[in-house]
Amino acid sequence: MSILVDEAVNQSLVSTVKYTSKDFSSDQDVRWCPGCGDYSVLAQVQRILPELNYPKEKIVFISGIGCSSRFPYYMDTYGFHGIHGRATAIASGLKIARPDLMVWVATGDGDGLSIGGNHMIHVLRRNIDLNILLFNNQIYGLTKGQYSPTSEAGKITKSSPVGSVDMPFNPASLALGSGGTFVARSLDRDPKHMQTIIKRAAEHKGTSFVEIYQNCNVFNDGAFFQFTEKETKSDSVVFLEHGKPLVFGKDGDKGIKLDGFSPTVVSLKDGSHSTNDLLIHNEKDSTLAFILANMTYNAEMPRPVGIFLAIDRPRYEDEMEKQIDSAISKRGKGQLDKLLNGGDTWVIQ
Amino acid sequence: MEKETRVLDEVTIRFAGDSGDGMQLTGGQFTNTSAAMGNDLSTLPDYPAEIRAPIGTTYGVSGFQIHFGATEINTPGDHCDILVAMNAASLKVNLRSLQENGIIIVNTDGFGDKNLKLAGYSQSPLADGSLSKYQLFQVDITKLTNLALADLNLPQKTIDKTKNFFALGMMYWMFNRTLDNTNQWIIEKFGKKPELVEANSRVMKAGWNYAETTDVFAVKYEVKPAPLTPGKYRNINGNQAAALGLVAAAHQANLDLFLGTYPITPASDILHELATFKNFRVKTFQCEDEIAGITSAIGASFGGALAATTTSGPGLALKTEAMGLAVMVELPLVIINVQRGGPSTGLPTKTEQADLLQAIYGRNGESPIPVIAASTPSDCFTMAFEASRIALKYMTPVILLTDGYLGNGSEPWLLPQEKDLPSIAPKFRTDPENYMPYQRDDITLSREWAIPGTIGLEHRIGGLEKQDKTGNINYEPENHDLMVKLRAAKVERIANDIPLAKVDGPESGDILVVGWGGTYGTIKTAVERKLKEGKSVAHLHLKYINPMPKNVGEILSKYKYVLVPEINLGQLIKILREKFLVPAIGLNKVQGLPFRSVEIEEKIDSVLGGKL
């Protein structure tokens, strides 16, 4: 880093305090609607950060515009509430300039996939070490209830009074297709699961993309209840766990096996199949990740939740630092006088 | 036979050919040799927008103009005295820039039936008398090049690529230039391929010999060295100069330079240049779009880098919202707009000055941004440095306007020394005691720069309105009013920190010509000629447009007329009229081309003659 940054951010002076979740609460009142799923995400992040043992002053939360994008104001870390869709681009610049920071992005289905869709796919392919939390409520909340790029086809909203004719994105597939190295999904109403996923995302080196199903109780109440509520959850969700067979259903009575490239649901109760027949999840297998992510809008299949993919690939900012180091070792540290006197010069006497 | 030598004060040559003919290289070599021989000069390349347009067509013509002299040279020349045309299309496109009685040197091989047809000639201009008012020299450059290389067994393609050196050799003969510089360059460039060193060098010598020994050319010319300030020079174009200015500023400020950008003509060369400075820890981030270019730079600035973004008109439009964000979060940021012809995609490779109002006013809300402009190619260095200085000191985005003419045009640059550069001393806040993100400095009104990683300064910023001092979100009417006024006052105070404006010419008189940006050299030339005629005329060139130097109003009041030439429909003039209530007169031309000095001279005459 530059001389001036080094002086300000003296490496020997990082704080070594043991944090509690309270240390990450800012003095600002949280202004989300009562009952909003965002509260859960905030609580889980504040719960996990102390476990990471990362100096608080080196943590930055960056957001765009939308309900979820108020997130940085509630964190007692460095924060930047940007403009609509650009959180990932602001975060990219910050992380490239300052690889020593832990940079988080709080975004939503509108901010991250609609107006900011372009930046999202490019940050994923570059694999910049950011932790992206995409709050997916399948609706535009802050603008009071228009359909979003993840709203289901036929969705009736203020801007689609007879039903939306848009096909929704499947965020996990989009992230995988963009070359994401860590792609996961979690649920606002499953705090334990979300904590596990957030921790894994923070620990992943490279872009972590975490889609969180988040209930908007004002404009899209119950959008995910099938996947989050006790009565339906176990039959509707399959949790992906590395190295384990895909089992779901009440009492684990169902499983998923591969039929060619197509996943199918089989019964573990009727004697036709055992867990040995089932697909074993491997979060290092990118082909499998696509197959699992594509179960998302398949009505025959349970909704996959968990880590689709977690693989290692060089990070953009590291590669850039390497080029800089190599240039310095080959050409020496840049000297301004030498630079200004470079090129084809001549002397007038 | 000893040939006659005539001494000239200044000459303008235009090299023109197909975009694959190497005209930029030829012009560049002639430039470097002339510079090394002590001439003052100014050059301008003229590229087609198409990369490899079909061979022989008019839209594939590439040109390079050099104006050099034994006196001070301020422009690439209104008209050329000599046109070197490698084919029919290049003659067709460039003839209009040639002086009456000027010299045309053509490669006759480029005037076959096919070439004539592609250029849209029904009959050969070489034979139909249409060029009778010029001095026409016909040389079969292609054939002579082939003959010169006959014994080397080179592929025809390679031979064809050397013919520009034949033309260069002839011009070196005509202007008494040494071949040494270019021979040296050929060795450096093609050192690993001895056959190419031999071929290029031999063809250039063949061109020189041809001119020397045949009777085709009876006269050669001499242009003596110009009385330049002693010192070390290099030839530099505006884009290179801007890049160096940013590196120099980051170096002086002890910061790393971060460039977030998206390629766009004619600004991309700043990115190309900066991408080579990795050993200065320069980080260039080629983004997915213009918006990511500026927003990534804002992110880097938040992290404590000297951050910049570079673009041209349409790209500046895309960055608009993010510029407003930079105004709101009050972080330093340098935005360089290398203006081109607009609106929309417009004329990507042509020059224009029509983004001034966009730069000053083109954002939602009250969104003040300092705007400065470079006036010559080498001035892009000074002004990129200055933009950085202002941005860092006042914690603000700064827009630097250059244009395609400055960006691509080049001139000799008296090299600055590191010790002569102004100091830039940004400071990061490190003391957590009583820290408030929007507490301001009493003099500059700038807030403090507190970067992530500093213990105890954790804070949040963003695009929502801030409460005075604390920086918390605040929607109260009085607070908004106060913050809008504080942001405006901060930019206004920069006027205390910039040099007063100075006129060239008498301090009062009949007419003041006020310009900004790339028209500097042209206006200067025009005003100097009128002064020599005894006219009462002066030149004021504004480098600081928002805010303006404090004495501009006073200067304007000292002349009977104020004339404002601009390559737009009248943008600076609107501001001058609004700010100073002067009945300024505009001279406006929007052809994608620089003014010619004579156009400004004519307007001066007509204003003085009472025709407004």
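Taken together, the values in this text are just the output of simple stated rules run on the coordinates, not laboratory data. In this text the structure is predicted, and so the values were computed from the model without any measurement. Glycine gets a Cβ as well: all are built from the backbone with ideal geometry, and neighbour counts include every protein chain shown.
At-a-glance table
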{"read-out": "Other-chain or far-sequence residues with amide H under 5 Å of A:V105's (modelled H)", "value": "A:I62, A:N131, A:I132, A:L133"}
{"read-out": "Value of [θ]222 nm, deg cm²/dmol, for the protein assembly as shown, DSSP H segments ≥ 4, -39500 (n - 2.57) each, nearest 500", "value": "-10000 deg cm²/dmol"}
{"read-out": "Tensor-based shape of segment B:361-432 (alpha-carbon gyration tensor, a/c under 1.5 rounded, otherwise prolate or oblate)", "value": "oblate"}
{"read-out": "Cα→Cβ-extended label distance, 7 Å offset, between B:E72 and B:T158, nm", "value": "4.9 nm"}
{"read-out": "Neighbour net charge for B:D431 - beta-carbon separation under 15 angstrom, K R +1, D E -1", "value": "-3"}
{"read-out": "Percentage relative contact order, chain A, counting C-alpha pairs under 8 Å, at least six apart", "value": "13 percent"}
{"read-out": "DSSP beta bridge pairing in the protein assembly as shown, given as percent antiparallel to the nearest 5", "value": "35 percent"}
{"read-out": "Across B:K117/B:K143; B:K319/B:K574; B:K192/B:K224, pairs whose alpha-carbon gap is larger than 29 Å", "value": "B:K192/B:K224"}
{"read-out": "Beta bridges by DSSP in chain B, antiparallel share as percent, to the nearest 5", "value": "35 percent"}
{"read-out": "Inter-label distance for A:C33 and B:I187, nm, one decimal - labels placed 7 Å from Cα along Cα-to-Cβ", "value": "7.9 nm"}
{"read-out": "Trypsin sites (Lys or Arg not before Pro) lying in DSSP loop within segment B:362-444, provided at most 14 other Cβ fall within 10 Å", "value": "B:K427"}
{"read-out": "Shielding score for B:31-38, defined as the mean number of other chain Cβ atoms within 10 Å", "value": "2"}
{"read-out": "Sites B:V598 and A:E321, calculated FRET efficiency, Cβ-Cβ separation with R0 51 Å, nearest 0.05", "value": "0.40"}
{"read-out": "Given charges at beta-carbon only (K, R positive; D, E negative), |dipole| of segment A:1-61 in Debye", "value": "220 debye"}
{"read-out": "Prolate/oblate/rounded label for segment B:4-223 (Cα gyration tensor, a/c 1.5)", "value": "rounded"}
{"read-out": "Formal net charge of residues neighbouring A:D253 (Cβ-Cβ distance under 15 Å; K, R +1; D, E -1)", "value": "+1"}
{"read-out": "Loop sites in segment A:201-263: chymotrypsin sites (Phe, Trp or Tyr not before Pro), DSSP, at most 14 other Cβ within 10 Å", "value": "A:F261"}
{"read-out": "A:N276-B:L8 pseudo-label distance in nm [points 7 Å out on the Cα-to-Cβ vector]", "value": "9.5 nm"}
{"read-out": "Given charges at Cβ of Lys, Arg, Asp, Glu: the protein assembly as shown dipole, positive-most of A:Y213, A:F24, A:F308", "value": "A:F24"}
{"read-out": "Other-chain or far-sequence residues with amide H under 5 Å of B:L83's (modelled H)", "value": "B:R14, B:I103, B:I104, B:I105"}
{"read-out": "Under 11 Å, Cβ to Cβ, from A:Q195 - net charge with Lys/Arg +1 and Asp/Glu -1", "value": "+2"}
{"read-out": "Zone of A:E7's modelled label, taken as backbone nitrogen in segment B:438-463 under 12 Å from a point 7 Å along Cα→Cβ", "value": "none"}
{"read-out": "Normalised contact order of segment B:503-608, rounded percent, pairs of Cα under 8 Å and 6 or more residues apart", "value": "32 percent"}
{"read-out": "Calculated FRET value between A:D285 and A:D166, using beta carbons and R₀ = 41 Å, to 0.05", "value": "0.85"}
{"read-out": "Cα Rg, Dmax (largest Cα-Cα span) when computed across the protein assembly as shown, Å", "value": "32.8, 111"}
{"read-out": "Those lysines that a straight Cα-Cα span of less than 20 Å connects to B:K524, excepting residues fewer than 8 apart in one chain", "value": "B:K502, B:K532, B:K535, B:K543, B:K558, B:K560, B:K589, B:K603"}
{"read-out": "In degrees, nearest ten, helix A:316-331 long axis to first principal axis of chain A (Cα)", "value": "20 degrees"}
